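These notes concern the structure reproduced below.
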Amino acid sequence: MGYKGTAPSGSLSITDGTKGIADNAFYNCFGLNTVVIPNSVTSIGDWAFRNCSGLTSVTIGNSVTTIGEYAFDDCSGLISVTIPSSVTSIGNSAFYNCSGLTSVTIGSGVTSIGDNAFMECESLTSVTIPNSVTRIGDKAFFMSGLTGALTIPNSVISIGKHAFNSRGEGLTSVVIGSSVTTIGDYAFWCCTSLTTVTIPDSVTTIGASAFKSCDELALVT
């Protein structure tokens, strides 16, 4: 699988009027460094830019509603991403192993952050989850670089297994929003800098080992 023909390199502006980016469309286009996706595009397919390791910048048009599975997987050079408010779902493993990613802006239309969506984004130190997200998938931020305080908004209903499983440092406090019913197994495992957690009345299930190895945890409400 991969791009058919001579792979594009450098800067790429996808032609305005294009409706979608197909599965595997630019897979393994190592030479791409910037991509502009126009407002006419409504979907980014599975594996669309997978392993574009030279990609440092992508502009996503404000009509895109879905970002497919593994869409930007292994784009290790990608530094920042702004996901527009038109997007409703971030697919499973969409930004998996984007090790250079330092900044993510998640638009206010996103309702689901898929399994493994930002897994092993080790340079990602902070993220703001908008008050539209209802589901944070399994391993969504597994082994990412998140540090400091984390607020999970009131819209979120479920936090998946291993969702914020840490590299052994990072998060210092977590406030869980008032609609969460389930905190998955190992959700905050090994967050060794975590000192305070606020769990709301809405929670009915705290999964196995959810706060295992949180050695500095001193206060749980």
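The values are calculated or read from the model by the stated rules, or taken from the named source; none is laboratory data. Source: prediction; values computed, not measured. For neighbour counting, all protein chains shown are included, and Cβ atoms are generated from backbone atoms with ideal geometry for every residue, glycine included. When the accessible area is computed, the model is the full protein with side chains, heavy atoms only, and any ligands, DNA or RNA have been set aside. Shrake-Rupley method; radii C 1.70, N 1.55, O 1.52, S 1.80 Å.
Would you tally the net charge around S76, using a Cβ to Cβ cut-off of less than 14 Å, leaving S76 out, and scoring K and R as +1, D and E as -1? Provide the component values of the computation, followed by the final result.
Values: positive: R50; negative: D73, D74, E120, E122.
Neighbourhood net charge equals -3.
Rolling a 1.4 angstrom probe over the protein heavy atoms, how many square angstrom per residue are accessible across the chain?
Details: 9050 Å² over 221 residues.
For the chain, the solvent-accessible area averages 41 Å² per residue.
For S80 and S103, compute 0.36 nm times the residue count separating them, minus their Cα-Cα distance, and round to one decimal in nm.
Numbers: separation 23, 0.36 × 23 = 8.28 nm, distance 0.46 nm.
That works out to 7.8 nm of additional length.
Rank by packing, highest mean first: peptides 147-157, 210-220, with packing defined as the count of other Cβ atoms within 10 Å averaged across residues. Each step should come with its number before you reach the end.
Working: 147-157: 16.6, 210-220: 14.7.
Going from most to least packed, we get 147-157, 210-220.
Rounded to the nearest 20 debye, what is the charge dipole size of region 52-148 about its Cα centre when +1 sits on each Lys and Arg Cβ and -1 on each Asp and Glu Cβ?
Values: 2 positive and 7 negative charges, 56 e Å.
Approximately 260 debye in magnitude.
Once you order the gyration tensor axes a ≥ b ≥ c over the Cα atoms, which shape class does region 75-221 get: rounded for a/c under 1.5, otherwise prolate or oblate by comparing a/b with b/c? Walk me through the numbers on the way to the answer.
Numbers: a/c = 1.79, a/b = 1.25, b/c = 1.43.
It is oblate, given that a/c is not under 1.5 and a/b is not larger than b/c.
Calculate one ³J(HN,Hα) per residue across region 46-51 by plugging θ = phi - 60° into the Karplus curve 6.51 cos²θ - 1.76 cosθ + 1.60, and present them in order as whole Hz with x for glycine and proline.
Karplus-based 3J(HN,Hα) across region 46-51 equals 4, 6, 4, 10, 4, 6 Hz.
Classify region 40-145: rounded, prolate or oblate, from the alpha-carbon gyration tensor (a ≥ b ≥ c, eigenvalue square roots; a/c under 1.5 rounded; otherwise prolate if a/b is larger than b/c)? Present the calculation step by step, with values, prior to reporting the outcome.
On the way: a/c = 1.44, a/b = 1.11, b/c = 1.29.
It comes out rounded by the Cα gyration axes.
Test of understanding: express the Cα radius of gyration of region 1-87 as a ratio to 2.2 N^0.38 Å, with N the residue count.
Numbers: Rg = 11.5 Å, N = 87, 2.2 N^0.38 = 12.0 Å.
Here the answer is 0.96, to two decimals.
In straight Cα distance, which lysines are under 25 Å from K19, not counting same-chain residues fewer than 8 positions off?
K4
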